[in-house]
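Asks: Questions regarding the structure given below will be posed in turn.
Bear in mind that the values in this text are calculations on the coordinates, not laboratory data. What you are looking at is a predicted structure, and each value in this text was computed from that prediction instead of being measured. Every residue, glycine as well, gets a Cβ built from its backbone with ideal geometry; the counts of neighbours run over all protein chains shown.
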Amino acid sequence: MRRGPRGLAGLWAILLALALVAAACGTDDDEPPADVGLPGDEEEDVGDPVYGGRVVVGLEAESNSFLPGEASLASPGINVAYAIFDPLVKYDEDGEPRPYLAESLEPNDALDEWTLTLRPGVEFHDGTPLDAEALKYNFDNLLNVEGAVTAGALRDVESMDVVDELTVRYNLSAGNAAFPDLLTGMIGMPFSPAAHQQFGEDAGSNPVGTGPFVFQSWQRDNQLVVTRNDNYWQEGLPYLDEIVFRPMPDEETRVASLQTGDIDAMQSLRQSIIRQLLDNDDVRTHTFVGNNAGGAIFNTERPPVDDSRVRRALAYALDQDQLIEVLGGTGLSPAATQWFSPDSPWYSERVAEAWPNNDPERARELIEEYANDPNRSDGQAPGSPVRVEFNTPPDPSLIEMAQTYQAFWNAIGVDVQINQFEQAAHIQNAIAGDFMINIWRMGEQLDPYTTLHNSFEDPAVMPTNFTNFHDEVVAENLAILRESTDFDERYAAVEAIMMHFTEQVPNTWTAHTVTAIGANPVVRNITGWEFPDGTRGDGIPAAQVMWGFVFREDA
């Protein structure tokens, strides 16, 4: 299954979701509603909201732009985006997509036409109306143009039609039950057409949305300031007068700044830092765990890991408890066995029990079976040692994780060469298929079709299938996930793919990653956002906050 030509427009949008790939795989990151009993994940009675005040937020990185189609936003950028923009669709606490800025989103029976109706009376910050023509302008001029990072995600959306003043119809090339996922990110965050025309090439530095806060200024690598939107469409929101977002890439600096009061809140995707926050009685820490998890991916076209016996052996060799201890997540990060976390509706206990883990004797048997095979795929003589290459970025914590993997694999008779690549090169190697085993981060807080399609669709057409793994079992069950809206049918399809992976092992797992917002205790309601009808939202996946609901009790 050789890869076809890789179109990079659209690919980097998905990669940025992976991309603290690395900052990741042993140490940090993400996501469903925090209900796993972690310390700090509960929000006490926040009391009555208070208006006014300013909050300074420390983010782990700067963003490139806030123009849909141009912006490549990871978790820090999404935090800013949720202040300036509203998503058309958001997830509720049960993991179901629901209209948020949109009033309704309905498919036809074939799931290949989706009709979206906007709420009446909503305006962009510049006073221009959010209407169907504005969505059409965004689709035609920002999202679906050559070079847009969103174009790849929209490849199955053939067109958008304006139905009436507040209604548009998305026309898909084939039915897709997971289509609402597309409208939860920047594709679903409308940007003012008038502002885009006014600012031209500088529009990404002058964002104009419909969100609870209005953009005021941006000094790159220093701070971005937003102020209260007095004409916000949700009555009574927001509560704060001002938010200042500061990129502070060094984790320890962010913690120290929170402790000294230089900032009021900070995000972290790193387990050891979250442990520090949880141990600090002067900080209220809001945690979230979800589907994103660290581990390693195999290039299943590269010998010897093209043979499932070798991949299973490498999985059986690992002791996840020890790996979690290395990354600092003991008692914090749940062990991963599949692409969905224990609090996901798609999680399977059957898969968890079947996942190959911590059986060195079985691992050695499989390695010996492969090594003594006269037709072994690596072309080496029978009985020769099995050798693999394991790539990691040069982050010290990731190197330590790679060395721990190396020790487990050496113990079953496998020679392991560790290669270090800077993050950009590490990602590029995955894109090009130029690797054997990569330390990596996997999983998304999206519909299972979206997650598994992005990672395991035919690699000839799906550039983010880095493992090159795709077969009839995957294809058959992806089709069910795309075409069915019945939960039981879809759950069975997810479980079938996950059980298949316990035998085929396209990747290994370490742990699901906890993410957190640490805050001064006076900053309240960080996790308690709601839909306009009062339905509770999904909290803070990937440490991303709906800032319009946050207030200071001392304002």
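Asks: As a footprinting exposure proxy, order I324, I431, I412 by other Cβ within 10 Å, with the fewest listed first. Each step should come with its number before you reach the end.
Replies: Details: I324 23, I431 17, I412 20.
The most exposed by this proxy come first: I431, I412, I324.
Asks: Here is a further query. Per DSSP H run of at least 4 residues, take -39500 (n - 2.57); add these up for the chain, divide by its residues and hand me the 222 nm value, nearest 500 deg cm²/dmol. Before the final figure, lay out each step's value.
Replies: Working: 16 runs with 153 residues, N = 555.
Helix-only estimate at 222 nm: -8000 deg cm²/dmol.
Asks: Turning to a different aspect of this structure: Can you tell me the relative contact order of region 86-210? Whole percent, Cα pairs under 8 Å, sequence separation 6 or more. Intermediate results must be reported in sequence, preceding the final value.
Replies: On the way: 211 pairs, mean separation 37.8, N = 125.
Once normalised by length, the contact order is 30 percent.
Asks: Would you mind working out the magnitude of the charge dipole of the chain relative to its Cα centre, with +1 at each Lys and Arg C-beta and -1 at each Asp and Glu C-beta, to the nearest 20 Debye?
Replies: Details: 32 positive and 91 negative charges, 293 e Å.
I would put it at about 1400 debye.
Asks: I would also like to ask the following. Where does each of D307, D126 land when they are ranked from fewest to most other beta-carbon atoms within 10 angstrom? It would help to have the intermediate numbers written out before the result.
Replies: Values: D307 19, D126 13.
Listed from fewest to most nearby Cβ atoms, that is D126, D307.
Asks: Determine, for each peptide in 385-397, 175-187, the mean count of other beta carbons within 10 angstrom over its residues, then list the peptides with the highest first. It would help to have the intermediate numbers written out before the result.
Replies: Numbers: 385-397: 18.7, 175-187: 22.8.
By packing density, highest mean first, the sequence is 175-187, 385-397.
Asks: Would you be so kind as to identify which of P303, A363, P394 lies farthest towards the positive end of the dipole of region 293-512, taking Lys and Arg as +1 and Asp and Glu as -1 on Cβ and the Cα centre as origin?
Replies: Of the options given, the answer is P394.
Asks: Another question about this same structure. Using the Cα centre as the reference, give the magnitude of the dipole from point charges on the C-beta atoms of region 86-210 (Lys, Arg: +1; Asp, Glu: -1; all else neutral), rounded to the nearest 20 debye. Could the numbers behind the result be given before it?
Replies: On the way: 6 positive and 24 negative charges, 43 e Å.
Using Cβ point charges on Lys, Arg, Asp and Glu, region 86-210 gives about 200 debye.
Asks: Now a separate question. Quick one: Cα centre-to-centre distance for region 474-516 and region 259-335, in angstrom?
Replies: Between the Cα centres of region 474-516 and region 259-335 lies a distance of 20 Å.
Asks: Need one number: % antiparallel among DSSP beta bridges in the chain, to the nearest 5.
Replies: Working: 55 of 72 bridges.
Among the beta bridges of the chain, antiparallel pairing accounts for roughly 75 percent.
Asks: Here is a further query. Exposure proxy check: T467, T330 ranked by fewest other beta carbons within 10 Å? Don't skip to the answer; put the middle values down first.
Replies: On the way: T467 25, T330 14.
Least to most surrounded, the residues fall as T330, T467.
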